[in-house]
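Derivation of every value follows stated rules applied to the coordinates shown; laboratory data play no part. Keep in mind it's a predicted model, so treat the numbers as computed, not measured. Positions of Cβ are backbone-derived with ideal geometry, glycine not excepted, and every protein chain shown enters the neighbour counts.
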Amino acid sequence: MDRKIIHLDVDAFFAAVEVKDNPKLKGKPVIVGGGSDRGVVCTCSYEARKYGVHSAMPGFMAKQKCPHGIFLPVRHWRYQEVSREIFRIFYDLTTKVEPLSIDEAYIDVTDIDESPLKIAHFIKAQIMEKTGLTISVGISYNKFLAKLASDWNKPDGIKIITRNMLPHILKPLPVNKVHGIGKKTSERLRKIGIFTIEELLQLPKEYFIEFFGNHGNEIYDIIRGIDHRQVKSTRETKSIGRETTLKEDTTNREYLRKYLAEFAKNISTSLNKKGILAKTVTVKIKTSDFEIHTKGRTIHHHIASYDQIYNLASDILDEINLEPGIRLIGLTVSNLSYNESQQLSFFDSL
Ligand SMILES: [Mg+2]
């Protein structure tokens, strides 16, 4: 049986909250962030988008494009508050919720005995009633298509992509709509004359592996509407980790520490994004003779910050004998808990 996957994305979230809190701003070009010349735009209202302003744009540029724009400071705490209300609506329906950011999530409603369209309308109505905001909803049988659908007619959109719409619905889309094809890759594709999914569909499978490397198979499948990725409920996550095989075996502790620092940063971002705290930090190594050793430490309080994770990992590394030469280093946090008050504090990653 096909899965029922819904992708939800609040429209112009930060700006929408500002308008909601101050109705005088309604219909005006509201720009959150970017008020100082060195800052960047976080979100802007659709009215501001008409002038070409978009998120991540430097403030001075936004001012040039939209001189009469209303620039507001970023009120993180307030967006978190509203975000919690929105996610409560999702969690009331199912535990299969995968947050992607403060205002965006996948939910898997396969087990709910109701049409996904009805569920989507219900969610939209609930969000409107409780927060006054609009959300765009995409429904399909996998994550890629659901996300594509929610983007279809923003704002306040709702769109279903069914099996019989494929492949024709995908064909005219630009390649950067494909999950796994970013800016750089689209540019590489453009150089060889490939702009749309239709053109991509004509390439043989071997070419995908050659062109995209590890992701080749995945991208080959995804443009055919095949995507088996599960909706990963963060509440079922047991651990979060990163590891890498080194180019050369090493006994250099400082060199390894740099990797731990990078992993800690990565993991901390991930924890904060998902509103998770950890108690155990584990360092993993593989020696040049392929033996795997792990060493962990569990502390009494919960942590999520880069400093806390890195400092523990660094202490653990000091206790490990590097003599045989290390070929792989990894860092994992586990013993996770989902702190409601921490839930959805995405901002450490912004
Ligand atoms: Mg959004």
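Could you give the length gained on full extension between Lys171 and Arg84, defined as 0.36 nm per residue of separation minus the Cα-Cα distance, in nm?
Using 0.36 nm per residue and subtracting the Cα-Cα distance, I get 27.6 nm.
State the Cα centre-to-centre distance between region 1-42 and region 221-266 in whole Å.
30 Å
With a cut-off of 14 Å, note down the residues of region 236-266 whose backbone N falls inside the zone around a label point 7 Å from the Cα of Phe290 toward its beta carbon.
Under cut-off, by backbone N: nothing.
Given labels modelled 7 Å from the Cα in the Cβ direction, how far is it in nm from Asn311 to Leu100?
Modelled inter-label distance: 3.6 nm.
With +1 on each Lys and Arg Cβ and -1 on each Asp and Glu Cβ, and nothing else charged, work out how big the dipole of region 81-144 is about its Cα centre, in Debye to the nearest 20.
Its charge dipole is roughly 100 debye.
Please report the net charge: other residues with Cβ closer than 12 Å to the Cβ of Met165, K and R +1, D and E -1.
+3
What net charge do the residues around Cys42 carry, taking every other residue with its C-beta under 13 Å from that of Cys42, with Lys and Arg at +1 and Asp and Glu at -1?
Taking every other residue near Cys42 into account, the sum is 0.
Multiply the residue gap between Ile226 and Lys184 by 0.36 nm, knock off their C-alpha separation, and tell me the result in nm, one decimal place.
In short, 12.8 nm is gained.
If you take every residue apart from Val10 with its C-beta less than 12 Å away from the C-beta of Val10, what net charge results, scoring Lys and Arg +1 and Asp and Glu -1?
Once positives and negatives cancel, what remains is -3.
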